Ligand code: GDP
Ligand code: CA
């Protein structure tokens, strides 16, 4: 078997970033079967969570990947900068300025200032991301899924609204409402008109392995797959495509995958999510799918759908455990 030299990962924020840490650890330690210790990783990141806050462009998933891999993340929160201070937020609150639900830390604000300034000078998000990564050196090539503005919105029940429902930005659903009210629908504004960012399709076609980490299948991986051209590139790529379930034991580990899966009518189960992605041989995107050991009962149905499947521990408790998950994913499709 020839060595895997290039790996492409479609990532959301926290789940994707944690997986990438373990993957890079596994590559460097040479414990991924058939993967060169010098293998290069390209990350296509979700940008549909992006939002404007106080005139600043914030890209939560890009930043979570960049800070996590660049060792700038707050390890307890899993988002934002470590050793953060909150003077800007306090001052804004003192002015009675709205939108204090989105906590912009002082250190984090610098990232958004640089990004916004570059965007306003005419640089596309992909170039801005490259520039930010020069500081953070994340050890991967980090590509926004698109340079276009795409925003996930969630319809929620609101008895006070005349129609009985209200549409909020995804971040408002997640951060302010804490995904505590049922999501009735997920609408990704601008997705169908978007085009893949520079290098995205090439990263899917010219690679030795594509990995769908245990990121949210609707609002992280789902939006990336919805960028016109991405799904076709995955179907046609000569490289195998393997995914890891973000649903363990019938619910998400953290986050709100359960709520958004219910909103799009997909059963909240490890096997069901694999079948939702579908087999490449049947027009879907997967060759292989890993479920957690406690979801071993799902394996047969996934295989029946034409997808190679195995049950292994899928909790990203530390880098070694996560690297072992990555190794199992590689073996499933290349072993
Ligand atoms: P977000 O953009 O910050 O929401 O992050 P992602 O979309 O990349 O990942 C969120 C998903 O990661 C959640 O829906 C969880 O189900 C999943 N997740 C988090 N921790 C773990 C873990 O230890 N194991 C598995 N299998 N999934 C996890
Ligand atoms: Ca996200």
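The values are calculated or read from the model by the stated rules, or taken from the named source; none is laboratory data. Every value quoted in this text rests on a predicted model; they were computed, and no experiment measured them. Don't worry about glycine lacking a Cβ; one is built from the backbone with ideal geometry, like all the others, and counts go over all protein chains shown.
Structure notes:
- Filter pass, residue 231 being in contact (Cβ under 8 Å) with a residue 24 or more places away in the chain, surrounded by fewer than 24 Cβ atoms within 10 Å (Cβ to Cβ), closer than 24 Å to residue 62 by Cβ and within 16 Å of ligand 2 (Cβ to nearest atom): no
- For segment 234-264, the set of residues classified as crowded, with 22+ Cβ neighbours inside 10 Å and at pLDDT 95 or above consists of 234, 241, 242, 243, 244, 245, 246, 247, listed by residue number.
- Restricting 284, 306 to those that are more than 15 Å from ligand 1 (Cβ to nearest atom), outside any helix (DSSP H, G or I), within 20 Å of the chain's Cα centre (by Cα) and not assigned by TED's automatic domain parsing to the domain that holds residue 76 reduces the list to 284.
- Candidates 159, 91, 120, 134: the one that is outside the structural domain of residue 26 (by TED's automatic domain parsing), within 26 Å of residue 6 (Cβ to Cβ) and loosely packed, with under 12 Cβ neighbours inside 10 Å is 134.
- Among the residues of segment 248-261, the ones that are in contact with a helix residue (DSSP H, G or I) (Cβ under 6 Å, 6 or more places away or on another chain) and away from ligand 2 (no atom under 16 Å from the Cβ) come to 2 in all.
- Test: residue in segment 190-197 that is over 24 Å from residue 14 (Cβ atoms), out of contact with any helix residue (DSSP H, G or I) (no Cβ under 6 Å at 6 or more places or on another chain) and in contact (Cβ under 8 Å) with a residue 40 or more places away in the chain: yes
- Filter pass, residue 109 being in a helix (DSSP H, G or I), buried (at least 18 other Cβ atoms within 10 Å of the Cβ), in contact (Cβ under 8 Å) with a residue 40 or more places away in the chain and away from ligand 2 (no atom under 16 Å from the Cβ): yes
- Single condition residue 278 does not satisfy, out of (1) within 15 Å of ligand 1 (Cβ to nearest atom); (2) at positive phi: (1)
- Within segment 326-335, considering residues that are at pLDDT 95 or above and more than 11 Å from residue 310 (Cα to Cα), the one surrounded by the most Cβ atoms within 10 Å (Cβ to Cβ): 326
- Any hit, segment 235-246, residues being within 16 Å of ligand 2 (Cβ to nearest atom) and in contact with a strand residue (DSSP E or B) (Cβ under 9 Å, 6 or more places away or on another chain): yes
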